[in-house]
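Let me begin by presenting the structure, written as structure tokens, before commenting on it.
The values are calculated or read from the model by the stated rules, or taken from the named source; none is laboratory data. Values in this document were obtained by computation on a predicted structure and should not be read as measured data. All Cβ positions, even for glycine, are placed from backbone atoms using ideal geometry, and neighbour counts span all protein chains on display.
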Amino acid sequence: MNRPLLCALMLSLAVMPAGAANLVKTYSYFSVSGRTLDDIAAQLSKYGPEVKSTGSRHPGATQMAFTTRVSYAQTPSSCRIANAQVTVKVKVILPEWRRPRKADPGVRLFWDTLSADIKRHEERHVEIAKNHASELEDALKATYPQKTCEAAKAKAAEISTAILAKHDRAQMQFDRVEGVNFESRIVRLLRYRMERIQSGQLPPG
């Protein structure tokens with residue numbers, strides 16, 4: 001595999017922060033065309049989703065928004081969180097190759113490997129978000145009663161801010177690790193897929 005080409009495809013597979021116990025997930029696709037790996041790389045750079053945090057386009061992205069609903073129960077001496085429900089809505093944006101009728105087998109193999117890795121990457125972003133949403137929901141429900149409902153609301157806001165900031169750090173750390181390991185991971189996946197094709201476990205593309 002051409003090393004400069006691999007480097008050219010090392011685009012950040014980023015999460016779009018918009019900011020779960022409840023998860024609402026949808027998918028959106030953008031089309032790319034081309035017969036060569038250079039063509040596909042250029043199309044991903046041109047038509048991939050634009051991420052505001054980086055100001056550039058990416059081969060895949062996940063948009064997400066957290067919604068937290070909290071109810072309170074008041075007594076003459078205190079106010080507590082009676083219930084908390086956190087929902088995260090995510091939209092996973094993935095590429096779809098308009099494969100030419102006589103596409104080169106090597107290009108097909110690389111695309112199948114790359115697109116599967118992009119999808120895995122974005123699904124992991126979703127998993128990170130859902131895990132932190134569950135953590136947020138549990139933390140809110142475990143909050144001790146406060147003297148007033150205003151104090152209880154302030155405590156809920158404090159917890160939400162802390163856990164969502166932790167979530168953002170986890171997403172960024174995941175992207176950093178994935179970016180560093182991109183080339184070695186794709187080469188390893190290509191070899192694995194080729195071995196499976198040669199052994200008859202996968203169709204040739």
Apart from one, (1) outside any helix (DSSP H, G or I); (2) under 19 Å from the mean Cα position of the chain (by Cα) all hold for Leu114; the odd one out is (1)
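Kindly evaluate Val15 against the criterion of being among the β-branched types (Val, Ile, Thr) and either at pLDDT below 95 or part of a loop (DSSP other than H, G, I, E, B) (or both).
Details: among the β-branched types (Val, Ile, Thr): yes; either at pLDDT below 95 or part of a loop (DSSP other than H, G, I, E, B) (or both): yes.
When the stated conditions are applied, Val15 passes them.
Residue-wise test of (1) at positive phi; (2) not polar (S, T, N, Q); (3) not in a loop (DSSP other than H, G, I, E, B).
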position: Arg120; (1), (2), (3): no, yes, yes
position: Tyr144; (1), (2), (3): no, yes, no
position: Ala157; (1), (2), (3): no, yes, yes
position: Ser184; (1), (2), (3): no, no, yes
Within segment 27-79, of all residues that are in a strand (DSSP E or B) and of a type in the set (A, V, I, L, M), the one nearest to Lys102 (Cα to Cα) is Val32
Given (1) more than 25 Å from Ala133 (Cα to Cα); (2) surrounded by 13 or more Cβ atoms within 10 Å (Cβ to Cβ), Pro105 misses just (2)
For segment 32-52, pairs from a residue that is surrounded by 16 or more Cβ atoms within 10 Å (Cβ to Cβ) to a residue that is part of a helix (DSSP H, G or I) and of a type in the set (S, T, N, Q), with Cβ under 9 Å and 6 or more apart or across chains, are Val32/Gln43; Gly34/Gln43
The lone condition Arg69 fails out of (1) farther than 20 Å from Ile93 by Cβ; (2) touching a helix residue (DSSP H, G or I) at 6+ places or on another chain (Cβ under 8 Å); (3) basic (Lys, Arg) is (2)
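Any idea which residue in segment 80-102 is farthest from Asp117 (Cα to Cα), counting only those that are in a strand (DSSP E or B) and not hydrophobic (A, V, I, L, M, F, W, C)?
So, considering only residues that are in a strand (DSSP E or B) and not hydrophobic (A, V, I, L, M, F, W, C), the one farthest from Asp117 (Cα to Cα) is Arg80.
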Q.
On the basis of being within 16 Å of the chain's Cα centre (by Cα) and either part of a helix (DSSP H, G or I) or within 27 Å of Thr113 (Cβ to Cβ) (or both), does Arg169 make the cut?
A. yes
Taking first residues from segment 90-110 that are closer than 19 Å to Arg193 by Cα and second residues anywhere that are assigned to a strand (DSSP E or B), the pairs with Cβ under 6 Å that are 6 or more apart or on different chains are Trp97/Val32
Determine whether Glu150 is of a type outside the set (A, V, I, L, M, F, W, C), loosely packed, with under 14 Cβ neighbours inside 10 Å, assigned to a helix (DSSP H, G or I) and more than 28 Å from the chain's Cα centre (by Cα). yes
Is at least one residue of segment 107-119 more than 14 Å from Leu23 (Cβ to Cβ), of a type in the set (Gly, Ala, Ser) and at pLDDT below 95? yes
Taking segment 77-98 and keeping residues buried (at least 16 other Cβ atoms within 10 Å of the Cβ), within 19 Å of Phe30 (Cβ to Cβ) and over 19 Å from the mean Cα position of the chain (by Cα) leaves Trp97
